[in-house]
Amino acid sequence: MKTASSLMFAYRLLFPRTGKKSNARRSLVGAFVCIGISLVPLVMVLSISDGMIQGITERMIGLSSSHINCILYSDSPESNSAESLAELSRSLEKVESVEFAYPEIKGIGLASSSAGRTGATVRAVETDVFSRNQAFRSLFKVTDGEMSLDAKNSAIIGEKLADTLHLKAGDTFRLITTKETGDGRILPKITPFKITGIVSSGYQELDALWVFIPLQVGYSVLPLKSSTISIGIETKNAFGQELEQAFNDLQFAVPAMTKIYRWNEINAAEYQNFASTQIMLLVIMMLIVLVASVNISSALVMLVMERRKEIAILKSLGATSGGITQAFLITGMVTGALGVLIGIPCGLLCSVNFNVIMNNIEKFINIFTEFHYILLHGSMKDFSEVHLLDPAFYLQDVPMAVPLGQLVIIASGTLVLSLFMSALPAIKAGSEKPIDTLRKI
């Protein structure tokens, strides 16, 4: 029995001429629909998790650690003043593989307002960094005021910090830090700051406690010995050869009392955690696809039972066991392929509209939650909206990435599973004895 004959028989198994009702064909339709449905969440998890990881990583690199971070000792000559630190950053910008460099002092303090107080991560930067730095300019969203540090005691704070302290642009808050006296005593230092802008990176876990102040003011407010003095270095590509080239060039350009780190060294724990979480989700989703592909096996078993007469006739006319087996294997593969053709496009479509879908689901849930809250309490006082994706741990707007290579692997894996699940009933069909079948007719 030639391959063309097997293909023709498989075609007739899938699309018979007769209008006779067939439970086996219904089962095949149900099998590829189940595979398609099981692939939708798999593709969504893959696309959305990739987009989520890329978005978070982009913000960690661009807004926090930079591509390369040069950390200086507090007693180094370059750390003595804002002018010398800025001069060093300008000299590092002249390195061929470096795109941009900016000085920063990072310390901790206590932000206080009439509504309360909370810990804060104080970042002293140059006043024009929000306009000169591409990452700051593109990844920060201004929710109130403007991104300006031109005034001496001006400050830009994160949206979460503003909500905690009930602050808005134009308000004044106090920043409590420490200072060391000449005799070695540590005393609190209280400095008032006027808020010129409130910003958000879209990822609260990263920027929840950030307070940006002018670099010159940072030298008078933050204790240098307990703060981190650094220069952030931006390259053309944080994931390419340009990063290694810049790292090697900077080894000879930085002062003696300096340590330099790549972004993947600083954020190694977070990056590995993202990768392991994604792998775990993919394994769980693949198990769903595996369960769905079992339907192909059961559908083919029913098909073999329904087509025993045709199989017997074909064998009587010279069809081989291998040809019959091949026809049923092709039938199972085509069923899996139809599931792939349905599931992957639907999954991508849902991924593209994920933010819209989640927003509508949240609105729907909040309508019923508000109604239930009013029945229990009689008013909407102290009611808080339900968020399916807590902005404290997830991006507020989830970007989507299309991992073409991984989608090809998923499609190939689904076809292999379909072939594997088709093997047993196909072999059984090929081993049918025509004499026994024809005797019962």
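Odds and ends about this structure:
- Residue in the stretch 39-53 that is open to solvent by 30 Å² or more (accessible area, probe 1.4 Å), in a loop (DSSP other than H, G, I, E, B) and at pLDDT below 85 present: no
- Close pairs (9 angstrom Cβ cut-off, 6 or more residues apart or separate chains): in contact (Cβ under 8 Å) with a residue 24 or more places away in the chain and over 17 Å from Glu78 (Cβ atoms) in the stretch 248-266, open to solvent by 80 Å² or more (accessible area, probe 1.4 Å) and of a type outside the set (Ser, Thr, Tyr) anywhere: Asp249/Glu96
- Filter result for Arg174 (free of Cβ contacts under 8 Å to residues at least 40 places away in the same chain and either charged (D, E, K, R) or crowded, with 20+ Cβ neighbours inside 10 Å (or both)): no
- Test: residue in the stretch 374-396 that is open to solvent by less than 80 Å² (accessible area, probe 1.4 Å), at pLDDT 70 or above and among the polar types (S, T, N, Q): no
- Unmet requirement for Tyr219, which otherwise passes all of (1) in contact with a helix residue (DSSP H, G or I) (Cβ under 6 Å, 6 or more places away or on another chain); (2) in a loop (DSSP other than H, G, I, E, B): (2)
- When Gly55 is tested against (1) out of contact with any helix residue (DSSP H, G or I) (no Cβ under 6 Å at 6 or more places or on another chain); (2) farther than 30 Å from Gly413 by Cα; (3) among the small types (Gly, Ala, Ser), only condition (2) is not met.
- Checking the stretch 57-72 against the condition returns a match, with at least one residue being open to solvent by 50 Å² or more (accessible area, probe 1.4 Å) and under 33 Å from the mean Cα position of the chain (by Cα).
- If you go through the stretch 124-171 and keep only what is open to solvent by 60 Å² or more (accessible area, probe 1.4 Å), more than 24 Å from Ala86 (Cβ to Cβ), assigned to a helix (DSSP H, G or I) and out of contact with any helix residue (DSSP H, G or I) (no Cβ under 7 Å at 6 or more places or on another chain), you end up with Asp163, Thr164.
- Scan of the stretch 34-68 for residues that are among the polar types (S, T, N, Q) and under 17 Å from Lys106 (Cβ atoms), ordered by number: Ser64, Ser65, Ser66
- Complete set of residues in the stretch 311-329 that are under 23 Å from Ser412 (Cβ atoms) and open to solvent by less than 40 Å² (accessible area, probe 1.4 Å): Thr325, Ala327, Phe328
- Some residue of the stretch 73-93 being within 22 Å of Phe136 (Cα to Cα), in a loop (DSSP other than H, G, I, E, B) and under 34 Å from the mean Cα position of the chain (by Cα): no
- The residues of the stretch 73-85 that are small (Gly, Ala, Ser), closer than 12 Å to Ile231 by Cβ and at pLDDT below 90, listed by number, are Ser76, Ser79.
The values are calculated or read from the model by the stated rules, or taken from the named source; none is laboratory data. All of these numbers come straight from a predicted model, not from anything done at the bench. FYI the Cβ positions are ideal-geometry reconstructions off the backbone, even for glycines, and counts take in every protein chain you see. Only protein heavy atoms, including side chains, enter the accessible area calculation; ligands, DNA and RNA are left aside. Shrake-Rupley method; radii C 1.70, N 1.55, O 1.52, S 1.80 Å.
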